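Notes follow once the structure below has been shown.
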Amino acid sequence: CWTYVRFVCPYGCVERLFAGWFPRNEAMTNRQNDETSRRALSLLAMFSLLNCLIYLDRGAISSNGINADGLEQDFNVSVVRDGLLPSAFMVGLLVSSPVFASLASSPDQNEMRLIAYGLLVWAMSVLGCALSVGFWSLLLCRMAVGVGEASFVALASPFIDDAAPPERKTLWLAVFYACIPVGYALGFLYGGTVAVAVGWRAAFALESLMMLPFIAYAYWMSSQTGGVVRDGAVSGAALMLEFARDALHGRHRTFSLITAALTCYTGVIGSYAFFGPQAAKNMFDVSSETTDIAFSVMTVTTGIFGTFTGGYVLDLMGNSIQNGMKLGLVAMSGAAVMILVAFSSTTSFLSFCVVFSVGQFLLFFVQAPSNAMILWSVPRDQRAIAMSLAVVAQHIAGDVPGPPIMGLIQEHVTHEWRVTMGLAVIVIAVGAACYGIGSRDDEHETRDERLEGVAQEWEREQQPLVGG
């Protein structure tokens, strides 16, 4: 939100407040470069607010206002079918993300226009949810929502990486990724207020209308930019095949390690978000309302501050892959210790919340640096493909199977929530090990040298994708 405020306010009004976060150099002192900086910030603001809206929809579909008090009653949805709705978007997302990434890597495609087309599909799909006549039509529309998200998931991060000042790349990505917990929280609030007041159909229709300005902006931006810089005129399909072949032969070792660590992170975050309130209720004999509110507050606050802090610290250290791996190792190791203590040693709900919040903060700490390292670990013309494949891996092996596996362990193996939730620390330790292996890898040297070259290029050209 503060990036948006800084953009729309008179230039200099908020500039002094965030002078340390958005430093200006002599090359940006004239009015033309100020306008270029404004365009870069508008791009970050647009993508950040758009990320909020997308995750608002994900939170809203799980809220009581839309789900329990709306869909379950109108369509007589069973518990099993109801469980399909929040994750149905993943079907479209997983199928379409590599397709959009491949299209974006083709020399005759404009990435921003692809984003606009994807957002149009999203808006039409959400409107279809409002007009659905039964469960199956609603489920089909939720799958189509994932198709609409696919272009944004694949292409937003490379745009931000190109537009950001070299010394603030991770912080700009942190702004973008911090909108995920904010969007989820706003979604629950939206479902509990707007949907209750006007009905779940009108709530979905309103979401669709809120997307229209973003579609128009993305389409307008497509006429202002040639898109993300590519190395050569290689077709998208050829790049996809080349990336997959190189990964199989171990030539994307850094990418594979970071993706594995992020998959562990995503699986644990998803499992704790799903079962955390239930586990705390049984461990400390507190009410459902108390645990729901506590976990919502903890997730939002630690998500925002953890993501921002991770990006800010990596920028202070110097945004290199080597430094990012070291940060990931320290943060994930600390998270494993604190979460293990929270579930094994705390004796009151208050002490549990304090210790668990520290552990969750350290988990979110790795989000922005890790996604930045994915972008930096591959050639520039393969960044969209890398982001798509990383997202696919995180869902397939992370937050999709995580909660069911944890439920099976609780029901058939441990029968004790403290033990079940504590066992998830093993997954966190695996993620820390991936960062540890990466921190000792010499492969990063050439990639970090490329980042220095990007910094020099940015100062000379001020990134053509946001220029006039």
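The values are calculated or read from the model by the stated rules, or taken from the named source; none is laboratory data. The model shown is predicted, which means the values in this text are computed figures rather than measured ones. Every residue, glycine as well, gets a Cβ built from its backbone with ideal geometry; the counts of neighbours run over all protein chains shown. All accessible areas refer to the heavy atoms of the entire protein, side chains included, with ligands and DNA or RNA removed. Shrake-Rupley method; radii C 1.70, N 1.55, O 1.52, S 1.80 Å.
Length gained on full extension, Val337 to Ala244: 29.9 nm, using 0.36 nm per residue less the C-alpha separation.
Which translational diffusion coefficient, to the nearest whole µm²/s, is obtained for region 333-403 from the Stokes-Einstein equation, given a Kirkwood hydrodynamic radius over C-alpha pairs, 20 °C and 1.002 mPa s? Let's see the in-between values first.
Numbers: Rh = 14.2 Å.
D, rounded to a whole number, is 150 µm²/s.
Spin-label model, Ser223 to Leu408: label points 7 Å out along the Cα-to-beta-carbon direction sit 5.4 nm apart.
Note on Thr309: accessible area is roughly 50 Å² with a 1.4 Å probe, heavy atoms of protein only.
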